[in-house]
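The values are calculated or read from the model by the stated rules, or taken from the named source; none is laboratory data. Computed from a prediction, not measured in an experiment: that's the story for all the values here. Cβ sites come from the backbone with ideal geometry, for glycine too, and all protein chains shown count toward neighbours. Ligands, DNA and RNA are stripped out before the accessible areas are found, and what is left, the full protein with its side chains, is counted by its heavy atoms. Shrake-Rupley method; radii C 1.70, N 1.55, O 1.52, S 1.80 Å.
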Amino acid sequence: MDISLTGFYQISIALGEHYDSMYYIDVESEMYMEFLPSKLFLNVPHPKSGNKFFKFARQSAKKYVHPNDLNKVLQFYNKKKMLEFIANKTSQSMLIRLVIDERIIHVRHILIVCEDGQHILQCMENIEDEFQEKAEQQHLLSAERMARRDELTGIKNKNAFREQAQIYDKKIEKNPASMKFGIVMCDVNNLKIINDTRGHSFGDEAIQKASQMICEVFKYSPVFRIGGDEFLVLLTDNDYEHRDELLDLLKEESYTNKTTRVGPDIACGLSVFDPEKDTCFSSVFNRADSLMYENKKELKSSAEIISKKTFLKTTSKNNPITKERKRMLDGLFETYLTIAGDGYVFLNDMKYDFSRWAISLVDDFGLKDEYMYAAEKIWKKLIHPEDLPAFQEFIQGLFSEHSEVHPVSYRVRKRDGSYVLVTFRGFLLNDADNTPKYFGGIIVPK
């Protein structure tokens, strides 16, 4: 795919506010140029362009990279290795420390292979404030909370669960006939997909919502987070007596979330202690865990059926996109999503009027799917009528002035019916004849 330099320059302008340094590099010739004025090296003399990139990069690394991070940074700046990156269409990301004016700055360092197969983007993001904030939060956590409370959700953690299991084992050994309890195992579906496509902050949010959902269903029982996406409910008292009803309620709410995409999708399994066959807590746990995985397989099977129906519906258009063009769209979209940072992103193949939208955008604004034909008509229906003229004027200007990108603000209706003010930055990627081939953008709520 032949994407012009102008197209990538437009991306850099659209995304410049998310990064503090951005270089465009031709690995074979070693020519490089700075796309945007570097905020990190604002007061440090540095070349804006040149033809010996690897020499420049290694010298700069030795000057400004923290000694403990220097070796892994120097491994990046190897021409043979970067050519391999390009050949394999792979990108690299790492956290490093810079030392500038005797001050340590934590940054996110990213190398992205451009779709033209000849260049890479080197991006750096200053995350020092984020790093310091997290360090301070960790410092303020009490030892008791660290030991028995899950930091992300506030519920009991795996340590607390182990202690509880030991207590129950002693009670079972002493008087099994007196024990009356059940276990519900829960697992958040598609967490890895959420983390990979939307970032770990959205994954954390999904875990928090799942925890809240489980706790609201089982109001009278302790809930534990025992793994990354796994929860355990120790059923007692009223919840134990109404366990089947509550489990059905959890499954029903989970299925609703799955079909409407407004909340966490949870697989679950229930097992009850039987003094006639159970000699320890773990035997009840294992049964509940097995039932949970059976439920997970059922949910996955139904999801595949829904996905196939959606694909068939999409490809039944008069001019369906080819597999090769869709693959190219996906490749460019994933690259764009990697460097976009916060905000909603989309990308449209203009030949087929076929676009891909970020999952977060689909969820928050109630779109039908992440892949859509004629998406502009769908999106316009969500824009506030008073702001629609400004949006249309922006689109007309973008397609008549390929050299610049002008942000526009407007109100757009979310899934719950409320309007949110957003800023939209769009860009065009042109082919060799300077004809627009892809239209994309980032939508950032204010």
Review point. Hey, any hits in the stretch 99-109 for a residue that's modelled with pLDDT of 85 or more, surrounded by fewer than 16 Cβ atoms within 10 Å (Cβ to Cβ) and not β-branched (Val, Ile, Thr)?
Key: yes
Exercise for review: Kindly establish whether Leu191 is modelled with pLDDT of 95 or more, under 31 Å from the mean Cα position of the chain (by Cα) and either of a type outside the set (Asp, Glu) or surrounded by 18 or more Cβ atoms within 10 Å (Cβ to Cβ) (or both).
Suggested key: no
Check your understanding: Is it fair to say Arg225 is at pLDDT 95 or above and closer than 30 Å to Gly343 by Cβ?
Key -> yes
**Study point:** Pair list, Cβ < 7 Å and 6+ apart or interchain, from the stretch 95-107 residues that are touching a residue at least 60 places away in the same chain (Cβ under 8 Å) to residues that are open to solvent by 10 Å² or more (accessible area, probe 1.4 Å) and hydroxyl-bearing (Ser, Thr, Tyr)
**Key:** Ile100/Tyr64
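Kindly provide the set of residues from the stretch 149-196 that are of a type in the set (Phe, Trp, Tyr), in a helix (DSSP H, G or I) and touching a helix residue (DSSP H, G or I) at 6+ places or on another chain (Cβ under 7 Å), ordered by number.
If the condition is that a residue be of a type in the set (Phe, Trp, Tyr), in a helix (DSSP H, G or I) and touching a helix residue (DSSP H, G or I) at 6+ places or on another chain (Cβ under 7 Å), then Tyr168 is the only one that fits.
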Check your understanding: In the stretch 202-226, which residue that is open to solvent by less than 10 Å² (accessible area, probe 1.4 Å) and of a type outside the set (A, V, I, L, M, F, W, C) is nearest to Asn157 (Cα to Cα)?
Key -> Ser211
Check your understanding: When you look at Leu70, is it free of Cβ contacts under 8 Å to residues at least 12 places away in the same chain, surrounded by 14 or more Cβ atoms within 10 Å (Cβ to Cβ) and over 28 Å from the mean Cα position of the chain (by Cα), yes or no?
Key -> yes
Study note, to complete from the structure: Counting only residues that are in contact with a strand residue (DSSP E or B) (Cβ under 6 Å, 6 or more places away or on another chain) and open to solvent by less than 10 Å² (accessible area, probe 1.4 Å), the stretch 227-241 contains a total of 4
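Give the stretch 73-98 a look and list any residue that's β-branched (Val, Ile, Thr) and either open to solvent by 60 Å² or more (accessible area, probe 1.4 Å) or within 24 Å of Glu334 (Cβ to Cβ) (or both), or say none. Working first, answer last.
Step one: filter the stretch 73-98 for residues β-branched (Val, Ile, Thr), giving 73, 86, 90, 96.
Within the stretch 73-98, Ile86, Thr90, Ile96 qualify.
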Review point. What about Arg162, is it more than 30 Å from Phe285 (Cα to Cα), open to solvent by 50 Å² or more (accessible area, probe 1.4 Å) and free of Cβ contacts under 8 Å to residues at least 40 places away in the same chain?
Key: no
Check your understanding: Which members of the stretch 24-54 meet the condition of being of a type in the set (D, E, K, R) and either without any contact (Cβ under 8 Å) to a residue 12 or more places away in the chain or open to solvent by less than 30 Å² (accessible area, probe 1.4 Å) (or both)?
Key -> Glu34
Point to revise | Condition broken by Glu151, with the remaining ones in (1) open to solvent by 70 Å² or more (accessible area, probe 1.4 Å); (2) within 22 Å of Val284 (Cβ to Cβ) satisfied | key: (2)
Revision key, fill the gap. Exactly one of Gly263, Gly269 is modelled with pLDDT of 95 or more and under 28 Å from the mean Cα position of the chain (by Cα), and that residue is Gly269
Check your understanding: Quick check, is Met185 open to solvent by 20 Å² or more (accessible area, probe 1.4 Å) and touching a Phe, Trp or Tyr at 6+ places or on another chain (Cβ under 9 Å)?
Key -> no
Revision key, fill the gap. Across the stretch 249-258, the tally of residues that are open to solvent by 40 Å² or more (accessible area, probe 1.4 Å) and under 16 Å from Ala288 (Cβ atoms) stands at 1
